[in-house]
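Report on the structure given below.
The values are calculated or read from the model by the stated rules, or taken from the named source; none is laboratory data. This one's a predicted model, so the numbers in the text were calculated from it and none came from an experiment. So basically every Cβ, Gly included, is an ideal-geometry build from the backbone, and we count neighbours across all protein chains shown.
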Amino acid sequence: MDLLNALVDKGLRRELPTREEALAVLATSDDELLDVVAAAGKVRRQWFGRRVKLNYLVNLKSGLCPEDCSYCSQRLGSKAEILKYTWLKPDEASKAAAAGVAGGAKRVCLVASGRGPTDRDVDRVSETISAIKEQNEGVEVCACLGLLSDGQAGRLRSAGADAYNHNLNTSEATYGDICTTHDFSDRVSTVQQAQAAGMSACSGLIAGMGESDADLVDVVFALRELDPDSVPVNFLIPFEGTPLAKEWNLTPQRALRILAMVRFVCPDIEVRLAGGREVHLRTLQPLALHLVNSIFLGDYLTSEGQAGKDDLAMIEDAGFEVEGADTTTLPEHRRQHGDDGAEPAQTADAEADAEAPATTVPAPSDENRRDLVAVRRRGAGTDLPPNA
């Protein structure tokens, strides 16, 4: 396909595709799927080889969030029967993190529900970061605490946080449809604050909320403009008790096309396969490793993932290898702030493509798989051992 050849060439040059090209990837047929995966796989291997970075989530505070994000099981008014608990103590969080590190995780992601942290919360998380780093030499720590206030990003960086996660989730045009208690610009501002403080920015999206192809392309292009170091791609987990409980809009094939599109737009950025992969990719998860270079190990915030040992077996069986702690994830040009001056170029016809019509997403033909949506009942906040 001329489209795929062009996208591979651009990806190897770190050149941004046009919106029209990104939309065309999402519009490819199932007959073309393996060609799309193979093409995006060439770009992935150029910048990341066959390495897979493992990340491990620790939910520091679960549930009872005042925000009304429709996709979230921890939202205001959620009737999802998830674990609810207040802040873990630093030693409890460190113990949970150690399980993930022992399973091969290179980065620990500390997440807390809520609009954003108070200054006392920042102190608490700072103590947790110190405890984790003292007990796990070389581990990366990413904080995900919501919207940041002035000065908080700098304090987290001083405490040892390597990265900060705050996802854009969906396009700016449709953000108000999924959340009314804050807006898209609030999220952009928090990512920029993290970058200004010297932390590695992590920001991604959630697919499967009923968005159009144009919405997906919009949010990925917005992310590329922010230029985070990592982009987690989540697939909606339709929890019972949330407004999006009936949104089953993804097939495994569509999920792979979305991942391929993200890789083409973000060729040299860490693309992470995140929540919902077991629910929507199912047996096609190994194919996704040809597109992403990073995954979460084990469980998520409020849902269970597949067994950690199965994650490791999948990586090995697919011919990939777990990235070691002594290996730097990003290619060299992205590790040098400002690199060689060659920013990914946007082609001249990109502006014209911005007016491409929205694509209507057809309803998937497969049945809902609620049997794969399991509420987390182990690990952080429980007396049971974690899945790692």
Yes or no: the stretch 165-173 includes at least one residue that is surrounded by 19 or more Cβ atoms within 10 Å (Cβ to Cβ), polar (S, T, N, Q), farther than 25 Å from GLY77 by Cβ and free of Cβ contacts under 8 Å to residues at least 60 places away in the same chain. no
message = So, ALA22, is that one surrounded by fewer than 16 Cβ atoms within 10 Å (Cβ to Cβ), in a helix (DSSP H, G or I) and in contact (Cβ under 8 Å) with a residue 40 or more places away in the chain or not?
response = no
Selection over the stretch 299-336 where residues are among the β-branched types (Val, Ile, Thr), within 30 Å of CYS65 (Cβ to Cβ) and free of Cβ contacts under 8 Å to residues at least 60 places away in the same chain yields a count of 0
Requested in this report: Answer yes or no as to whether VAL8 is buried (at least 23 other Cβ atoms within 10 Å of the Cβ), of a type in the set (Val, Ile, Thr), at pLDDT 95 or above and part of a helix (DSSP H, G or I).
Outcome: no
Counted residues in the stretch 49-68 being in a loop (DSSP other than H, G, I, E, B) and touching a strand residue (DSSP E or B) at 6+ places or on another chain (Cβ under 8 Å) come to 2
TYR71 vs (1) at pLDDT below 90; (2) within 30 Å of ALA24 (Cβ to Cβ); (3) over 21 Å from the mean Cα position of the chain (by Cα): all pass except (3)
Exactly one of LEU23, LEU57, LEU3 is in contact with a helix residue (DSSP H, G or I) (Cβ under 6 Å, 6 or more places away or on another chain) and within 29 Å of GLY319 (Cβ to Cβ), and that one is LEU3
Here, helices (runs of 4 or more DSSP H) confined to the stretch 206-321 with at least 3 residues that are over 15 Å from the mean Cα position of the chain (by Cα) are 213-226, 252-265, 285-288, 308-317
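Considering every residue within the stretch 110-118, establish whether at least one is closer than 29 Å to ALA313 by Cα and surrounded by 15 or more Cβ atoms within 10 Å (Cβ to Cβ). I'd like the intermediate steps shown before the answer.
Our first condition is that a residue be closer than 29 Å to ALA313 by Cα; within the stretch 110-118, this holds for 110-111.
With surrounded by 15 or more Cβ atoms within 10 Å (Cβ to Cβ) added as a condition, the list becomes 110-111.
Yes: the stretch 110-118 contains one or more residues that are closer than 29 Å to ALA313 by Cα and surrounded by 15 or more Cβ atoms within 10 Å (Cβ to Cβ).
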Scanning the stretch 129-143 for residues that are closer than 16 Å to MET199 by Cβ and in contact (Cβ under 8 Å) with a residue 60 or more places away in the chain, the one farthest from the chain's Cα centre (by Cα) turns out to be VAL139
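Scan the stretch 188-195 and give yes if some residue there is assigned to a helix (DSSP H, G or I), hydroxyl-bearing (Ser, Thr, Tyr) and buried (at least 19 other Cβ atoms within 10 Å of the Cβ), otherwise no. Steps first, answer last, please.
First pass over the stretch 188-195, keeping only residues assigned to a helix (DSSP H, G or I): 188-195.
Now restrict to residues that are hydroxyl-bearing (Ser, Thr, Tyr): 189-190.
Then drop every residue that is not buried (at least 19 other Cβ atoms within 10 Å of the Cβ), which leaves 190.
Yes, the stretch 188-195 contains at least one residue that is assigned to a helix (DSSP H, G or I), hydroxyl-bearing (Ser, Thr, Tyr) and buried (at least 19 other Cβ atoms within 10 Å of the Cβ).
Condition check ((1) at pLDDT below 80; (2) of a type in the set (Ser, Thr, Tyr); (3) under 29 Å from SER29 (Cβ atoms)) across all residues:
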site	(1), (2), (3)
HIS337	yes, no, no
ALA342	yes, no, no
ALA358	yes, no, yes
SER365	yes, yes, yes
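Do you know which of the residues in the stretch 135-169 that are assigned to a loop (DSSP other than H, G, I, E, B), of a type outside the set (A, V, I, L, M) and touching a Cys at 6+ places or on another chain (Cβ under 9 Å) is farthest from SER212 (Cα to Cα)? If you could, list the steps in order and put the result at the bottom.
First, the residues of the stretch 135-169 that are assigned to a loop (DSSP other than H, G, I, E, B): 136-139, 145-151, 159-162, 166-168.
If we keep only those that are of a type outside the set (A, V, I, L, M) too, we end up with 136-138, 146, 149-151, 160, 162, 166-167.
Now narrow it down to the ones that are touching a Cys at 6+ places or on another chain (Cβ under 9 Å): 146, 162, 166-167.
Working: GLY146: 26, ASP162: 34, HIS166: 22, ASN167: 18 Å.
The residue in question is ASP162.
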VAL43 vs (1) closer than 22 Å to GLY276 by Cα; (2) aliphatic (A, V, I, L, M); (3) within 20 Å of the chain's Cα centre (by Cα): all pass except (1)
